[in-house]
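Here the structure is laid out as structure tokens; the discussion comes afterwards.
Taken together, the values in this text are just the output of simple stated rules run on the coordinates, not laboratory data. Because the structure is a prediction, the values reported are computed rather than measured. Here the Cβ positions follow ideal geometry from the backbone for every residue, glycine too, while neighbour counts run over all protein chains shown.
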Amino acid sequence: EVHGHSVHTLVFRSLKRTHDMFVADNAKPIPLDEESHKVKMAVKLRTEYGSVLHMPTLKENLREKGGPNTGDPYGHKQYSGNQGQELEYVVTGTHPYPSGPGVALTADTKVQRMPSESAAQSLAVALPASQSRLDANRTAAGVGDIYRHAGISERSQPSGMSVAMVEAGGNKNSALMPKKAPTMPKPQWHPPWKLYRVISGHLGWVRCIAVEPGNQWFVTGSADRTIKIWDLASGKLKLSLTGHISTVRGVIVSARSPYLFSCGEDKQVKCWDLEYNKVIRHYHGHLSAVYGLDLHPTIDVLVTCSRDSTARIWDVRTKASVHTLSGHTNAVATVKCQAAEPQIITGSHDTTIRLWDLVAGKTRVTLTNHKKSVRAVVLHPRHYTFASGSPDNIKQWKFPDGNFIQNLSGHNAIINTLAVNSDGVLVSGADNGTMHLWDWRTGYNFQRVHAAVQPGSLDSESGIFACVFDQSESRLLTAEADKTIKVYKEDDTATEETHPVSWKPEIIKRKRF
């Protein structure tokens with residue numbers, strides 16, 4: 001008789017079955033079985049090193065293993081090249097030498113005995129063969145002849161193969177070492193960050209943010225077409241600059257001159273003199289909205305990136321376009337500069353990252369690992385590395401060639417911005433208002449933040465467009481879609497005991513791409 005069960009009961013039973021199936025910790029490596037490991041190693045020895053197992057053992061190896069009669073754990077017979085004779089296989093020179101500087105060379109003080117004839121013959125067999133010796137082996141005497149000359153019985157194997165095996169045997173036998181599964185290193189503990197100030201004043205989305213080098217004030221650009229300058233300590237508005245006729249998408253303050261640079265969706269790139277609070281230069285050339293900009297740290301060069309699929313390099317003083325970096329096939333969303341090569345890094349909606357040669361104005365390397373738009377790139381302030389953010393993954397790379405380091409997975413959203421400080425705290429801000437904080441070295445996600453939107457805003461207006469650490473790296477500022485700037489600081493009361501790292505040394509399953 002079939003009993004009818006409610007959907008709730010069936011779902012509960014299914015969950016229980018699933019739980020029972022996966023309750024075991026499958027991430028743990030299987031314990032090593034000694035017997036099977038011995039069989040495996042014996043097979044490896046026979047197949048890979050069978051042709052050289054009969055060769056005489058080096059004297060230093062015999063000393064390590066406790067003499068020539070020590071048994072092989074894998075059941076192989078130990079062969080000795082010259083029974084009854086003293087083995088002198090390790091020859092470190094051809095002439096004896098005194099035991100120290102200034103000591104006369106006499107029969108008592110000389111350190112090295114001259115090798116005997118049998119040792120020289122054994123050495124000829126045991127040392128790795130050079131390429132010239134391999135080539136000469138085609139016409140010269142084979143290994144069998146050398147063995148017969150040394151008075152050792154020849155084993156039944158082709159001579160060429162044995163020489164090749166001796167050649168390969170020059171290195172340590174890494175194939176015989178048991179491989180250990182890689183484990184994730186323990187992440188460094190970082191205190192959690194907490195929201196302590198919300199600054200409002202803009203009438204549109206706050207799209208970009210930058211802190212001035214003196215750490216006294218910061219600047220924001222918004223969809224309300226204004227640029228606002230705020231006091232960093234109090235959060236009060238100091239100044240509003242108007243001039244753009246569309247959304248302001250990028251701002252940066254020069255450390256070398258009293259200039260502020262801005263760019264926007266009106267295709268304009270402006271240089272503001274902060275002594276007069278006026279525009280003093282325009283940089284004309286982009287054919288569409290300008291999405292980002294950065295200043296070179298050591299030379300007076302400005303780099304901008306645009307929806308017209310190019311990045312442009314400008315001479316700050318003359319307003320001349322030095323180079324147009326073309327190669328991307330879609331909008332270039334982000335650009336970064338550094339003093340070391342490669343000096344310019346761009347991320348694009350065509351899913352690629354390009355590392356550029358500033359002098360030639362050409363691509364050095366194109367990184368194609370991302371599957372979706374790259375909207376954010378950040379350079380580590382101390383390490384020669386950088387990170388890129390995309391909806392598929394955050395990826396870390398090594399300069400100068402863009403070698404892949406690791407994936408930081410888990411922030412499943414459109415990542416608009418990345419910031420990193422010297423302590424190794426990486427922040428990723430997303431279009432849905434979530435902010436994840438990561439340990440740079442291990443890629444461990446130690447905190448997730450989703451701050452409430454400003455009262456009166458829709459929940460859909462929860463989005464982070466830009467974030468930056470101040471110069472002291474003790475404050476984190478975010479520019480958001482609810483028209484506010486949020487300021488975070490480290491929780492001073494937190495300790496490793498109150499906020500432990502919930503970390504398990506699990507086996508890494510990293511995707512390469």
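Laid out as a table, the results:
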item: Charge sum, other residues only, whose C-beta stays under 9 Å from TYR488's C-beta, Lys/Arg counted +1 and Asp/Glu -1; result: +4
item: Pairwise label distance in nanometres, MET41 with ARG448, each label 7 Å out on the Cα-Cβ vector; result: 4.5 nm
item: Potential lengthening between LYS236 and TYR276 on full extension [0.36 nm per residue; Cα-Cα distance subtracted]; result: 12.4 nm
item: Gain on full stretching of the segment that runs from ASP423 to LEU15 - 0.36 nm per residue minus C-alpha separation; result: 142.6 nm
item: Sum of side-chain charges, GLU265 neighbourhood, beta-carbon under 10 Å (Lys, Arg +1; Asp, Glu -1); result: +4
item: Spacing of the two label points (7 Å from each Cα toward its C-beta) at ILE245 and ASP357, in nm; result: 4.0 nm
item: Net length gained if the chain between THR493 and ASN215 were fully extended (0.36 nm per residue, minus Cα distance); result: 97.6 nm
item: Contact order relative to length of the stretch 196-490, as percent, for alpha carbon pairs under 8 angstrom and 6 or more apart; result: 13 percent
item: By average C-beta atoms within 10 angstrom, highest first, the peptides 219-227, 312-320, 449-457; result: 219-227, 312-320, 449-457
item: Distance from the stretch 380-398 to the stretch 410-437 (C-alpha centre basis), Å; result: 11 Å
item: Förster-model FRET efficiency, 41 Å R0, GLN188 and THR298, C-beta, rounded to 0.05; result: 0.85
item: Computed FRET value (nearest 0.05) for SER288 with LEU53, which takes r as the C-beta separation and R₀ as 45 Å; result: 0.05
